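Student: My questions all concern the structure below.
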Amino acid sequence: MKSYIFSIITLLVLLTFSTAKAQNRTIYEDVPTDSIRLSDPFVYADKETKTYYMTGTGGMMWKSKNLKTWTGPYRVAQTDPHSWMGPRPMIWAAEIHKYKDKYYYFATFTNQKVQIDTVANNVIDRRACHVLVSDKPDGPYVPMADSIYLPANMPTLDGTFWVDKDKKPYMVFCYEWLQNLNGTIEKIELKPDLSGTIGERKLLFRASDSPWSRERTPLGFDGPNKVTDGPFLFTTSTGRLGMLWTSWVYDVYTQGVAYSESGTLDGPWTQELVPVTPPNFGHGMLFTDFKGNQLMAVHSHMKRGDITTRIPHFFLVSLKGDRLTVIKEYKP
């Protein structure tokens with residue numbers, strides 16, 4: 001009952017905000033962070049405009065000057081309706097990365113009208129990581145040269161961006177557990193302008209490498225969870241390469257961290273023994289705000305009955321030394 005009341009109150013609050021019409025959508029102003037429902041939040045802090053741009057699942061964008069209140073949502077992704085995505089693809093886990101003089105929109109696109117496989121009675125939709133481009137951080141983001149970045153017969157998701165020590169750009173992504181039954185995190189080289197991929201993908205690690213995730217099968221087997229979700233790369237103050245990624249501890253959404261022993265994407269990757277954030281927070285990324293604070297953006301994952309609520313949250317973190325430390329929740 002509380003979740004229903006909370007949803008009604010949130011809706012009434014949103015309706016009181018001043019609005020404007022843009023892109024044929026209602027744009028809300030001065031929306032508090034905890035009134036936004038958003039999975040997989042990603043914050044791009046643009047120094048030139050002193051604006052925070054927040055994307056995530058749903059293909060929309062929110063804008064803020066202070067991380068307290070936001071304006072939006074704006075539709076910023078323009079896909080090709082004649083491509084494999086179809087006219088109205090689902091958009092998950094969108095990220096914004098500046099590279100050279102362009103802005104790139106890494107996201108997962110799903111065409112629910114096309115099925116590529118059925119494994120263990122799960123029908124798998126056509127879903128893949130893809131990249132769009134813009135001259136501005138707030139878009140519009142449009143297609144580039146290649147219509148396909150990863151094989152069409154495998155479901156991939158949560159692509160992110162990294163330039164490795166070889167100075168080459170890469171996409172790091174998840175190969176979904178629905179097909180391989182043991183999710184992986186992999187890499188593939190990108191073209192110099194990120195307009196497509198080069199060569200073959202390479203395995204970085206598997207879901208079963210996690211010492212902290214857990215699941216129990218219908219047959220009673222208890223072991224590592226099969227899900228890999230939300231990779232994000234970072235370096236500590238000593239230059240150590242780390243990766244945030246998310247899975248589950250039974251029914252609790254949980255985020256861990258792994259570190260590369262070589263300092264490159266090739267690893268080998270060593271998993272930390274315990275999660276890096278509190279329970280029911282995950283799919284994190286790191287950014288520095290305009291005050292110099294190092295922050296992690298995550299979403300909370302709270303389920304009450306049949307209703308799951310996902311809300312963006314910020315945590316203050318430290319990258320001093322050779323590891324990431326989460327200090328406390330941050331409320332601007």
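The values are calculated or read from the model by the stated rules, or taken from the named source; none is laboratory data. As the structure is a prediction and not an experimental result, all values here were calculated from the model. Don't worry about glycine lacking a Cβ; one is built from the backbone with ideal geometry, like all the others, and counts go over all protein chains shown. Ligands, DNA and RNA are stripped out before the accessible areas are found, and what is left, the full protein with its side chains, is counted by its heavy atoms. Shrake-Rupley method; radii C 1.70, N 1.55, O 1.52, S 1.80 Å.
Student: Which numbered condition trips up P275, out of (1) assigned to a strand (DSSP E or B); (2) open to solvent by 50 Å² or more (accessible area, probe 1.4 Å)?
Tutor: Looking at each condition in turn, P275 falls short on (1).
Student: Given the condition surrounded by 15 or more Cβ atoms within 10 Å (Cβ to Cβ), modelled with pLDDT of 95 or more and over 30 Å from T71 (Cβ atoms), answer yes or no: does some residue in region 129-148 qualify?
Tutor: No; the residues of region 129-148 include none that is surrounded by 15 or more Cβ atoms within 10 Å (Cβ to Cβ), modelled with pLDDT of 95 or more and over 30 Å from T71 (Cβ atoms).
Student: Exactly one condition in (1) surrounded by 21 or more Cβ atoms within 10 Å (Cβ to Cβ); (2) at pLDDT below 95; (3) not aromatic (F, W, Y) is false for T254; which is it?
Tutor: So the condition that T254 fails would be (2).
Student: Please work out which residue is farthest from the chain's Cα centre (by Cα), limiting yourself to region 289-307 and to residues that are more than 13 Å from S39 (Cβ to Cβ) and open to solvent by less than 20 Å² (accessible area, probe 1.4 Å).
Tutor: Ranking the qualifying residues of region 289-307, first place goes to D289.
Yes/no matrix, rows are residues, columns are (1) touching a residue at least 60 places away in the same chain (Cβ under 8 Å); (2) more than 17 Å from L324 (Cα to Cα):
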residue	(1), (2)
T197	no, yes
K202	yes, yes
R206	no, yes
K226	no, yes
L233	yes, no
G239	no, no
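Student: If you go through region 105-123 one residue at a time, how many are under 19 Å from S83 (Cβ atoms) and either among the hydrophobic types (A, V, I, L, M, F, W, C) or open to solvent by 10 Å² or more (accessible area, probe 1.4 Å) (or both)?
Tutor: Residues meeting the conditions: 9.
Student: Collect the residues in region 237-251 that are modelled with pLDDT of 95 or more and open to solvent by 10 Å² or more (accessible area, probe 1.4 Å), keeping them in residue-number order.
Tutor: Filtering region 237-251 for residues modelled with pLDDT of 95 or more gives 237-250.
S237, T238, G239, R240, W248, V249, Y250, listed by residue number.
Student: How many residues does region 287-328 hold that are polar (S, T, N, Q), in contact (Cβ under 8 Å) with a residue 24 or more places away in the chain and closer than 30 Å to E261 by Cβ? Show your work before the answer.
Tutor: First, pick out the residues of region 287-328 that are polar (S, T, N, Q): 288, 293-294, 300, 308-309, 318, 325.
In the following step, the residues that additionally are in contact (Cβ under 8 Å) with a residue 24 or more places away in the chain were identified as 288, 293-294, 309, 318.
Right, trim to closer than 30 Å to E261 by Cβ and you get 288, 293-294, 318.
Qualifying residue count, region 287-328: 4.
Student: Would you check if V163 is within 16 Å of F106 (Cβ to Cβ) and not small (G, A, S)?
Tutor: It is true that V163 is within 16 Å of F106 (Cβ to Cβ) and not small (G, A, S).
Student: Looking at the structure I just gave you, is K68 surrounded by fewer than 18 Cβ atoms within 10 Å (Cβ to Cβ) and more than 17 Å from V298 (Cα to Cα)? Walk me through how you get there before you give the answer.
Tutor: On the way: surrounded by fewer than 18 Cβ atoms within 10 Å (Cβ to Cβ): yes; more than 17 Å from V298 (Cα to Cα): no.
Criteria not met by K68.
Student: For region 199-232, give me each residue that is of a type outside the set (S, T, N, Q), closer than 30 Å to H97 by Cα and open to solvent by less than 10 Å² (accessible area, probe 1.4 Å).
Tutor: Selection gives F205, A207, G230, P231.
Student: Taking into account only those residues within region 20-36 that are touching a Ser or Thr at 6+ places or on another chain (Cβ under 7 Å) and not in a helix (DSSP H, G or I), which is nearest to D289 (Cα to Cα)? Give the steps one after another, and end with the answer.
Tutor: Looking only at region 20-36, we keep the residues that are touching a Ser or Thr at 6+ places or on another chain (Cβ under 7 Å), and these are 26-32, 35.
Adding the requirement that they be not in a helix (DSSP H, G or I) leaves 26-32.
On the way: T26: 28, I27: 24, Y28: 23, E29: 21, D30: 19, V31: 19, P32: 17 Å.
Among residues in region 20-36 that are touching a Ser or Thr at 6+ places or on another chain (Cβ under 7 Å) and not in a helix (DSSP H, G or I), the one nearest to D289 (Cα to Cα) is P32.
Student: Right, another one. Filter region 38-51 down to the residues that are part of a strand (DSSP E or B) and surrounded by fewer than 22 Cβ atoms within 10 Å (Cβ to Cβ) and list them by number. Full working, then the answer.
Tutor: Residues of region 38-51 part of a strand (DSSP E or B): 42-46, 51.
If the condition is that a residue be part of a strand (DSSP E or B) and surrounded by fewer than 22 Cβ atoms within 10 Å (Cβ to Cβ), then Y44, A45, D46, T51 are the ones that fit.
Student: Within region 40-51, can one find any residue that is of a type outside the set (K, R) and modelled with pLDDT under 50?
Tutor: No, that holds for no residue.
Student: Give all pairs with beta carbons closer than 7 Å in which a residue from region 132-145 that is of a type in the set (S, T, N, Q) meets a residue that is part of a loop (DSSP other than H, G, I, E, B); count only pairs at least 6 apart in sequence or on separate chains.
Tutor: Sorted first by the residue in region 132-145, then by its partner, the pairs are S134/P140.
Student: Please go through region 71-89 and pick out each residue that is more than 15 Å from Y105 (Cβ to Cβ) and open to solvent by 50 Å² or more (accessible area, probe 1.4 Å).
Tutor: Across region 71-89, the qualifying residues are P81, H82, P87, R88.
Student: Is it true that T184 is under 20 Å from P155 (Cβ atoms), of a type outside the set (D, E, K, R) and in contact with a Leu (Cβ under 8 Å, 6 or more places away or on another chain)? Steps first, answer last, please.
Tutor: Details: under 20 Å from P155 (Cβ atoms): yes; of a type outside the set (D, E, K, R): yes; in contact with a Leu (Cβ under 8 Å, 6 or more places away or on another chain): yes.
Against the criterion (under 20 Å from P155 (Cβ atoms), of a type outside the set (D, E, K, R) and in contact with a Leu (Cβ under 8 Å, 6 or more places away or on another chain)), T184 qualifies.
Student: Among residues belonging to region 164-187 that are hydrophobic (A, V, I, L, M, F, W, C) and crowded, with 20+ Cβ neighbours inside 10 Å, point out the one that is nearest to I198 (Cα to Cα). Steps first, please.
Tutor: Initially, region 164-187 is screened for residues hydrophobic (A, V, I, L, M, F, W, C), giving 171-174, 177-178, 181, 185.
Then keep just the ones that are crowded, with 20+ Cβ neighbours inside 10 Å; that gives 171-174, 177-178, 185.
Numbers: M171: 10, V172: 13, F173: 15, C174: 17, W177: 24, L178: 25, I185: 17 Å.
Among those residues, the one meeting the criterion is M171.
Student: Kindly indicate which of K320, K328, K291 is part of a strand (DSSP E or B), among the charged types (D, E, K, R) and more than 24 Å from D158 (Cα to Cα).
Tutor: Details: K320 fails: part of a strand (DSSP E or B); K291 fails: part of a strand (DSSP E or B).
Sole residue among the options that is part of a strand (DSSP E or B), among the charged types (D, E, K, R) and more than 24 Å from D158 (Cα to Cα): K328.
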